[in-house]
Amino acid sequence: MSNAQKHWEKTRSLLFVTLAIWFVFSIGIFLFAAEMNEVTGPFGYPWTYWFTCQGSLGIFVILCFWFANRQEKIDEEFGFNERGDD
Amino acid sequence: MIKGKFIDNLPKVYGIYTGGFIGFIILMAIGEQMGMSAKAIGVAFVAFTIFIYALIGYLSRTAQADAYYVAGRQVPTVFNGMATAADWMSGASFVAMAGGIYFKGYGYMALLVGWTGGYILVATLLAPYLRKFGCYTVPDFVGTRYGGNLARLCAVIVLTVASFTYVTAQINATGTIASVALDIDFKYAVYIGLISILLCSMLGGMRAVTWTQVAQYIVLIIAYLLPIFWISNKMGAGFFPHFMLADEVARIGELEQQFGFVKNSAADLATVPKGLAGITKAHSAVNATPWAFISLALAMMMGTASLPHVMMRYFTTPSVKAARKSVGWSLFFIFLLYSSAPMLATLSKLSLIDPTLSTGIIGKSFAEVQSIDWFQNWNQANLMFISDFNGNGTLELNEFFMGGKAVVLATPEIAGLPYVISGLVAAGGMAAAMSTADGLILAIANAISHDVYYKMIDPKAETAKRLLVARVLLVVIGFAGATIAAMEIQGILGSVIWAFDFAMSGLFFPLVLGVWWKRANREGAIAGMVLGLASAIWYLVWVRTGGSGFLGLTQLTFGIFGAGVSLVAMVVVSLMTQAPDKATQKMVDEVRIPTGRTVTGK
C-alpha cells in the first residue's frame with residue numbers, strides 16, 4: 001500500500017470515529033429525550049433541556065477542534081503537513 | 001498607529017474597532033441621559049454601523065479576480081471563523097430564534113442542534129477537501145470534478161434556488177429593522193436595506209464581504225449578549241445566565257402547571273392579529289416525538305453542509321489545515337449566540353408570566369396591562385395583543401399573544417433597560433441580516449459570473465470584464481430579491497428552513513460523494529442533482545396543497561426525502577454508466593492530500 005493510501009485509510013477511520021460521536025450527540029441521545037429529561041443534569045437543568053441548549057452544541061465545538069488536531073497529526077505522520085501559516 | 005500589511009494587523013484593527021463601538025454605545029447612553037429621543041438613538045445606531053460597513057467595503061475594493069472571489073486566500077482562521085459566524089447567523093437567528101424557543105420549546109430547539117451539528121459534517125466531509133481543490137465557487141468544484149458544462153449548470157441551478165429562497169428572507173429582515181429604526185414605510189425600507197448590503201460587497205467582492213462580516217459579527221454578538229446579561233442581573237436571576245437559570249426554568253414549569261394550557265376556540269383565535277401566538281407548549285419539557293426532533297435536526301445538519309455561501313467562506317483560508325481549524329472557530333462563535341438564545345427565551349417568558357415579578361402581566365387586570373407604556377408601544381407595533389376571552393377582566397395565560405420577534409426586540413424594554421439597548425439590538429439585527437444577505441447574493445452572483453459566464457459563455461474574457469459582469473449580477477440579483485421581499489410572501493423563518501432543504505436535496509450527495517467515492521461520475525451527479533431537487537420541490541408542493549406526506553416528513557423536513565432520492569439516483573446511475581477516467585481518479589487522489597498545489601492549479 002502506498003503512502004497516500006495509508007494516509008487515506010487513517011483519515012477515513014478518523015472520519016468514522018468523529019461521525020460516531022457526532023451521531024450520538026445529535027441524534028442518538030434524543031431517542032431517549034423524554035426519559036432523560038426526568039433527571040437533573042448540569043447546573044440543575046433537566047438533562048435533555050441542557051443538551052439542546054448547551055450540551056450538544058458545546059460538544060460539537062470541542063469535537064470540531066479535536067478532529068482538526070487529530071487530522072493534522074495524521075497528515076504529519078505521512079509527511080503531508082503544510083508549512084507555516086495558521 | 002498601524003504599520004505594515006493589513007492582514008498582519010487584524011487583531012489591532014478590530015480591537016480598535018470594538019473599542020470604538022463600545023465608545024459609541026456609551027456616547028449614546030450619555031445622549032439618552034441628556035434627553036436624546038428614542039428615535040434619534042435608533043437612527044444613530046443603524047446609520048453609524050451601516051456607515052462603518054460601507055467604509056470597510058470601500059477600503060477593500062479590488063480589481064483582482066483572486067481577491068474578488070476568494071479574498072486572496074489569506075484570511076486567518078479566527079477571523080474567518082467570525083466572518084463565517086456572521087455569514088451564517090441570519091436575521092432569523094438573531095431576531096426570530098429566541099422567539100421560536102419561547103413559543104415552541106423543545107421541538108424548536110432541534111434547530112439549535114441542527115445548525116451547530118452540521119458543522120461537524122462541514123469539517124469532516126467537505127471544507128478541507130474543497131479548499132484543497134482550489135475552486136472559486138461550489139459549482140466550480142462540481143464542474144471540474146465531474147466534468148462538463150451540464151453538471152456545472154445543474155449545480156448553479158440548485159445553488160440559485162436554495163440561496164435565493166434564503167436571501168429574500170434576509171432582505172425582508174433588513175427592511176423590517178430599517179423600517180422600525182428609521183420609521184419609514186417597509187416598501188422603501190427594503191431598498192434602503194438592499195443598498196446598504198450592496199455597499200458592502202460591490203467594490204471588493206469576497207474581500208470586502210469578509211472584512212465587513214467580521215465587523216458585523218462583533219456588533220451582533222455584543223448586541224445579543226449584553227442585554228441578556230443585563231436582564232439576568234437586573235432580575236436577580238444570576239450574573240452568568242447560562243449556568244444559573246435552572247431555578248427560572250423550573251419556575252416556568254411550575255407556573256405552566258398552575259395556569260394550565262387552556263385551548264382557545266377557533267372563533268376567539270380568529271380575532272387575534274396574524275403572526276401573533278400565545279404560549280401553548282411547555283418550556284422545558286419534551287414536547288415532540290423523537291422522530292420529529294431528529295428529522296428536523298438531521299435536515300438542518302445536512303442542509304448546513306450543502307449551503308454554498310457557507311462553504312465558500314472556507315475557500316478563503318491560506319491552507320487546508322487552516323480551513324479545518326477555521327470550521328472549529330466558526331462553530332465556537334456561533335455557539336456563543338445559540339447557547340444564549342434559550343436563556344433569553346427563559347428570561348423573557350418568566351418576566352412576562354410570573355405574577356410575583358413587577359413586570360409580570362398574567363393575572364393583572366386588563367385595564368392595568370393596557371396602561372403599561374411598553375405594552376402600548378408593542379401593541380401599536382402589532383407585536384403584542386390581549387383579549388378577554390372569558391370576560392373575567394383578568395389576563396390569563398391563554399389571553400396573551402405576542403409576535404416571535406418581540407422576544408428579542410421587546411424584552412429589554414420590558415425589563416426596564418435604557419433605550420440605548422433597544423438601539424443596539426436594532427443595529428445587531430441589521431448586522432446579522434446584512435451579513436447573511438451579502439454572503440448569499442455574492443454566492444449567487446459569483447456562481448453565475450464565474451461558472452456560467454466565464455466558464456461556459458466566454459472563457460477568454462479578461463479579468464476586468466469578468467468582474468464587471470460579477471458586479472452587474474450582484475446588483476440585479478439584489479434588486480430581484482428586494483422586489484420579492486417587498487411582496488412579503490412568507491415569514492422570515494419559513495423560507496430560511498426551505499433553503500436548507502433545497503440545498504441538501506440537490507447538493508449534499510454530489511458534493512460528499514465527489515470527494516469520498518471515486519466511482520461517482522458525471523451522469524450520476526447530474527441525476528443526483530436534478531432528481532434530488534425535483535423530488536424535493538414536488539414533495540413540498542404536495543404537502544403544501546394538502547398532501548399527507550409520508551415518514552412524518554413535513555414542509556420543514558422534506559429535504560430528507562429529496563436527499564434520499566438524490567443518493568439513490570446518484571449511486572444507481574453512476575454504477576450503470578462508465579467509471580470516471582484516469583485523470584479524474586487522479587484528481588480525487590490529489591484532493592485527499594493536504595499538501596501540494598491545488599487541483600485547479602492556482
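Every number here is computed from the coordinates shown, using simple stated rules; none is lab data. As the structure is a prediction and not an experimental result, all values here were calculated from the model. Because the Cβ atoms are built from the backbone with ideal geometry, glycine has one as well, and the counts that use them run over all protein chains shown.
May I ask which of B:274/B:364; B:518/B:586; A:6/A:73 have a Cα-Cα span longer than 18 Å here?
From B:274/B:364; B:518/B:586; A:6/A:73, over 18 Å: B:274/B:364.
From the residues A:27, A:52, A:65, which one has its Cα farthest along the dipole of the stretch A:25-80 in the positive direction, the dipole being from +1 and -1 charges on Cβ of Lys/Arg and Asp/Glu about the Cα centre?
So the residue furthest toward the plus end is A:52.
Can you give the Rg to Rh ratio of the stretch B:349-414, both from alpha-carbon atoms, with Rh computed by the Kirkwood formula?
A ratio of 0.92.
Taking Cα atoms, how many degrees apart are the long axis of helix B:290-304 and the longest axis of chain B, rounded to 10 and kept between 0 and 90?
For helix B:290-304, the angle is close to 50 degrees.
Please determine, in degrees from 0 to 90 and to the nearest 10, the orientation of helix B:149-182 with respect to the longest principal axis defined by the Cα atoms of chain B, where the helix direction is its Cα long axis.
30 degrees
Taking the Cα atoms only, what angle lies between the long axis of helix B:463-486 and the longest principal axis of chain B, rounded to 10 degrees?
30 degrees
Loop-only check: which trypsin sites (Lys or Arg not before Pro) in the stretch B:495-549 are DSSP coil with at most 13 other Cβ within 10 angstrom?
Counting only loop positions with at most 13 other Cβ atoms within 10 Å, the trypsin sites (Lys or Arg not before Pro) in the stretch B:495-549 are B:519.
Work out the mean other chain Cβ neighbour count within 10 Å for the residues of A:41-47 and drop it here as an integer.
For peptide A:41-47, the averaged partner shielding equals 5.
Checking a compactness column here: for the stretch B:456-585, what do you get for Rg(Cα) / (2.2 N^0.38 Å), N being the number of residues?
The reported ratio for this selection is 1.32.
Treating the stretch A:25-80 as a set of equal point scatterers at the Cα positions, no solvent, please give the Debye-formula log₁₀ I(q)/I(0) at q = 0.16, 0.24, 0.28 Å⁻¹.
-0.57, -0.87, -1.04
For chain A, what does the relative contact order come out to in percent, with C-alpha contacts under 8 Å and a separation of six or more?
With pairs under 8 Å counted, the relative contact order is 35 percent.
Quick one: which of A:10/B:132; B:455/B:582; B:187/B:234; B:325/B:582; B:39/B:234 span more than 29 angstrom between C-alpha atoms?
Correct reply: B:187/B:234; B:325/B:582.
How large is the dipole of the stretch A:25-80 about the Cα centre if only Lys and Arg carry +1 and Asp and Glu carry -1, each at its Cβ, rounded to the nearest 20 debye?
I would put it at about 120 debye.
What does the average come to when, for each residue of peptide B:320-328, you count the partner chain Cβ atoms lying within 10 Å of its Cβ?
If you average over the peptide's residues, the count of other-chain Cβ atoms is 6.
Could you grab the relative contact order for chain B? Cα pairs under 8 Å, six or more apart, rounded to a whole percent.
28 percent.
Return the ratio Rg/(2.2 N^0.38 Å) for the protein assembly as shown, where Rg is computed over Cα atoms only.
0.94
Report Rg(Cα)/(2.2 N^0.38 Å) for chain B, keeping two decimals.
This ratio for chain B stands at 0.97.
Please name which of B:91, B:44, B:58 has its Cα lying farthest along the dipole of chain B towards the positive end, using unit charges on Cβ (Lys, Arg +1; Asp, Glu -1) and the Cα centre as origin.
The Cα lying farthest towards the positive end belongs to B:58.
Just want to confirm a number: the relative contact order over the stretch B:349-414, from Cα pairs under 8 angstrom separated by 6+ residues, in percent.
29 percent
If you find the alpha carbon centre of the stretch B:1-64 and of the stretch B:543-562, how far apart are they in angstrom?
45 Å
Enter the mean number of other protein chain beta carbons within 10 Å of the beta carbon of each residue in A:62-70, as an integer.
The per-residue average across the peptide is 6.
Modelled label-to-label distance, residue B:33 and residue B:267, 7 Å Cα→beta-carbon offset: nm?
In this crude spin-label approximation the distance works out to 5.6 nm.
Going Cα to Cα from residue B:12, which aspartates and glutamates come in below 17 Å? Please leave out same-chain ones fewer than 8 positions away.
none
What does the charge add up to near residue B:199, with Lys and Arg as +1, Asp and Glu as -1, over the other residues with Cβ less than 12 Å from its Cβ?
0
May I ask you to evaluate 6.51 cos²θ - 1.76 cosθ + 1.60, the Karplus curve with θ = phi - 60°, for each residue of the stretch B:567-575 and list the ³J(HN,Hα) values in order in whole Hz, giving x for glycine and proline?
4, 4, 4, 5, 5, 4, 5, 4, 6
With +1 on each Lys and Arg Cβ and -1 on each Asp and Glu Cβ, and nothing else charged, work out how big the dipole of chain B is about its Cα centre, in Debye to the nearest 20.
My answer is approximately 2540 debye.
What aspartates and glutamates could a cross-link reach from residue B:465, if we take a straight Cα to Cα line under 15 Å and drop same-chain neighbours fewer than 8 places away?
Of all the aspartates and glutamates, those that pass the test against residue B:465 - Cα under 15 Å, at least 8 places apart if same chain - are B:66, B:451.
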